[in-house]
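Values in this text are rule-based calculations from the coordinates and carry no lab data. What you see is a predicted model; the values in this text were computed from it and never measured.
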Amino acid sequence: MDIIRIILAILLPPLGVFLQVGFGLHFWLNILLTLFGYIPGIIHAVWIIATR
């Protein structure tokens with residue numbers, strides 16, 4: 001299941017984080033990072049998925 005989340009995190013980072021943690025602090029932080037730049041959003045999403 002983590003592979004699917006990582007693929008979704010690469011395509012749409014907030015979706016990958018949402019599937020992992022729901023509507024929490026990390027979800028909103030990921031939306032902010034994705035708005036600032038797509039790459040920081042991807043890095044954060046993959047990090048969240050890999051560490052949980």
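Annotations
- Contour minus Cα-Cα distance for residue 32 and residue 47 (0.36 nm per residue): 3.8 nm
- Mean Kyte hydropathy of -0.5 or more with a Cα span along the axis of at least 15 Å, helices from DSSP in the chain: 25-36, 38-51
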